[in-house]
């Protein structure tokens, strides 16, 4: 496991806000050299902290107006990973979460219309999934939450350092 310090958290905060932000821009904002930013980003990538860079899409503007969470339980004596991989391979599946308890999986589906989503629901039933609930999405409000949380972690780490002796603080940074 790699050690994450305040500077790493600040870099992650900037990248979560906009993954296309250049090392120069991040360096200016954080008052560190762009080469240091690049080194640290590389460390975070190689350590598996940064898994990928992605684009956030406006699904409604793409015409994918039907969005739904589906809670489903798996058939008894089934191979969890195999079934959930099959669910993930359905083109309208955005994400699949394997969970403990009931339901054992949560699936995020999108479609152009209700008929398309209904067809996907039939595919799920054909995999012998027992649908526990469906929840159509009206609107999501999650933009910026990870940035806010990373900022909070940075603030907490700063406070932790301020409350330590200089020798103890050097071990945290």
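Taking square-rooted eigenvalues a ≥ b ≥ c of the alpha carbon gyration tensor, is the chain rounded, prolate or oblate, where a/c under 1.5 means rounded and, failing that, a/b exceeding b/c means prolate?
In terms of gyration-tensor shape, prolate.
How would the range 1-88 be classified by its alpha-carbon gyration tensor: rounded, prolate or oblate, with rounded meaning a/c under 1.5 and the a/b versus b/c comparison settling the rest?
The shape class here is oblate.
Counting only helical runs of four or more DSSP H residues, what would the 222 nm mean residue ellipticity of the chain come to if each run contributes -39,500 (n - 2.57) and the total is spread over all its residues?
Rounded to the nearest 500, the figure is -14000 deg cm²/dmol.
With the Cα gyration tensor of the range 98-150 giving a ≥ b ≥ c as the square roots of its eigenvalues, does the rule (a/c under 1.5 for rounded; else a/b larger than b/c for prolate; else oblate) give rounded, prolate or oblate?
oblate
Can you put 125, 31 in order of Cβ neighbours within 10 angstrom, beginning with the fewest?
Final ranking by Cβ density, sparse to dense: 31, 125.
For a Förster distance of 22 Å, can you work out the FRET efficiency between the beta-carbons of residue 43 and residue 152, rounded to the nearest 0.05?
Efficiency, from the Cβ-Cβ distance: 0.50.
Return the whole-Å distance between the Cα centroid of the range 115-161 and the Cα centroid of the range 15-80.
14
Laboratory data are not the source of any read-out in this text; all were calculated from the coordinates shown. Given the structure is predicted, the values throughout are model-derived calculations rather than measurements. Quick reminder, even Gly has a Cβ in these numbers, built from the backbone with ideal geometry, and neighbours come from all protein chains shown.
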